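The values are calculated or read from the model by the stated rules, or taken from the named source; none is laboratory data. The structure presented is a predicted model; accordingly, all values stated were derived computationally and were not measured. No Cβ is skipped: glycine too gets one built from the backbone with ideal geometry, and neighbour counts run over all protein chains shown.
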There are 2 protein chains.
Amino acid sequence: MSDKAVVLLSGGLDSSTLTAYLQSKGMELYAITMQYGQVHKKEVESAIYIAKKYNVKEHKIININMNEISKSALTDSSISIPENREYFQDIPVTYVPARNIIFLSIALSYAESKGIDNIAIGANSIDYSGYPDCRDEFFKSYEKMAKVGTKYGVEGGEFKIIRPLIDMSKKDIVLLGNSLKVPFEHTWSCYKGQDVPCGVCDSCKLRHKGFEEAGVKDPLENH
Amino acid sequence: MSDKAVVLLSGGLDSSTLTAYLQSKGMELYAITMQYGQVHKKEVESAIYIAKKYNVKEHKIININMNEISKSALTDSSISIPENREYFQDIPVTYVPARNIIFLSIALSYAESKGIDNIAIGANSIDYSGYPDCRDEFFKSYEKMAKVGTKYGVEGGEFKIIRPLIDMSKKDIVLLGNSLKVPFEHTWSCYKGQDVPCGVCDSCKLRHKGFEEAGVKDPLENH
């Protein structure tokens, strides 16, 4: 692993723990946060806090209006975010078509421009919502495509999609974050943008499960 | 080939001829034009004209500031666009890292959202500037990645990157466009945004070569 990485930092539990983990390994970090028309903005505020805390060398906040491109409950306030869904049953309406493909591609462009060949993402596919672009098989295929589609790749280089959380459960992620003293109170997972997490969307339920199983108190939960 | 496609329409010679060609085959077209911080805006005006002429059902103009993400002579006015370069010698400074990867990914998101499985691009790799993401090998790899990274793909579908111009020379493209009566005067190829094409950038030189070899007058050339 070379010593620099571009991190996709959303400001949620996973990408914040990822950032803390890579920094603890001594990597020099560059972060990208996508402002893509999420219904909520809290994630972006969290990302700014986490980037500062972990001495990210450059933090890019990139605007792209996903509402213009495709429909999803995450980017269109007229579609309800499901509550208390059985989250393993199928790909939910919160799926944003090709979201990680777009985000990785922007990170790839930034990384190639900076001469950095690691792109880090906090994806995990144990306790997750079933999004196709969070699976290991997808990331392997993306790496192959990046090899033939970039100057660095055709000249012999290889971009790596670093995904250290991919096989971790939410419990494992909470335990890792806890051991690294990640300020969980400054991370945001809820799909909605209220003052406190809703507690019933997929993301809140997965987060709650992780903290509960890890035996760690989530500072964002009052009860 | 199903009867609908999302077309990446820049407003240049290639994508305009592509649009005319697909419309002549009876396809229902949806276009995406990227406003990515090009030094010039003329391409976008051309794209709007061509989309209207060929009855594109929906035309999305998507803003993304590539200047924020990476450096290239096409998006940064402080870098000079090379003149009278030997265009086959290497990948030039006009290369925008991962540009087609980003554009295809946005088109993929739009296509999946619309239930369309064809994405059309005017790339060609005979008379071209040597960009890695214009080659057939890249598009094949992209299709594989899209298969494992989208809901439609994992549920059994296949996205196709339609690229009918891929093995055509600029001469062939001019001849095809001419036979389809493409309004060449409303297409824009020059990398610079002056009132008339500069005549000396890669793109002008390739266009000139195509028209000359085809024995067709380019309405944008005065001499």
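Brief remarks on what is shown
- Of everything listed in (1) buried (at least 18 other Cβ atoms within 10 Å of the Cβ); (2) at the interface with chain B (Cβ under 8 Å from one of its Cβ atoms), the single unmet condition for A:Lys144 is (1).
- Of residues in region B:108-131 being under 26 Å from A:Met34 (Cα atoms) and within 9 Å of chain A (Cβ to nearest Cβ), the one surrounded by the most Cβ atoms within 10 Å (Cβ to Cβ): B:Leu108
- Qualifying residue in region A:10-27 (condition: within 14 Å of another protein chain (Cβ to nearest Cβ), in contact with a strand residue (DSSP E or B) (Cβ under 9 Å, 6 or more places away or on another chain) and at pLDDT below 95): no
- Qualifying residue in region A:192-213 (condition: touching a Gly at 6+ places or on another chain (Cβ under 7 Å) and outside any helix (DSSP H, G or I)): no
- If you filter region B:113-131 down to residues that are in contact (Cβ under 8 Å) with a residue 24 or more places away in the chain and in contact with a Lys or Arg (Cβ under 6 Å, 6 or more places away or on another chain), you find that the one that is nearest to B:His208 (Cα to Cα) is B:Asp127.
- Residue in region A:174-192 that is surrounded by 18 or more Cβ atoms within 10 Å (Cβ to Cβ), within 14 Å of chain B (Cβ to nearest Cβ) and of a type in the set (Val, Ile, Thr) present: no
- Some residue of region B:149-161 being touching a helix residue (DSSP H, G or I) at 6+ places or on another chain (Cβ under 7 Å), in a loop (DSSP other than H, G, I, E, B) and crowded, with 19+ Cβ neighbours inside 10 Å: yes
- Residues that are touching a residue at least 24 places away in the same chain (Cβ under 8 Å) and among the polar types (S, T, N, Q) were ranked within region B:92-112; the one that is farthest from B:Arg163 (Cα to Cα) is B:Thr94.
- Count of region B:1-28 residues, restricted to those that are farther than 21 Å from B:Ser105 by Cβ and surrounded by fewer than 24 Cβ atoms within 10 Å (Cβ to Cβ), is 10.
- Matching entry among A:Pro164, A:Pro92 (being at pLDDT 90 or above and either part of a loop (DSSP other than H, G, I, E, B) or surrounded by fewer than 19 Cβ atoms within 10 Å (Cβ to Cβ) (or both)): A:Pro164
- One residue alone among A:Lys205, A:Lys147 is charged (D, E, K, R) and either under 19 Å from A:Leu18 (Cβ atoms) or modelled with pLDDT under 95 (or both), and that residue is A:Lys205.
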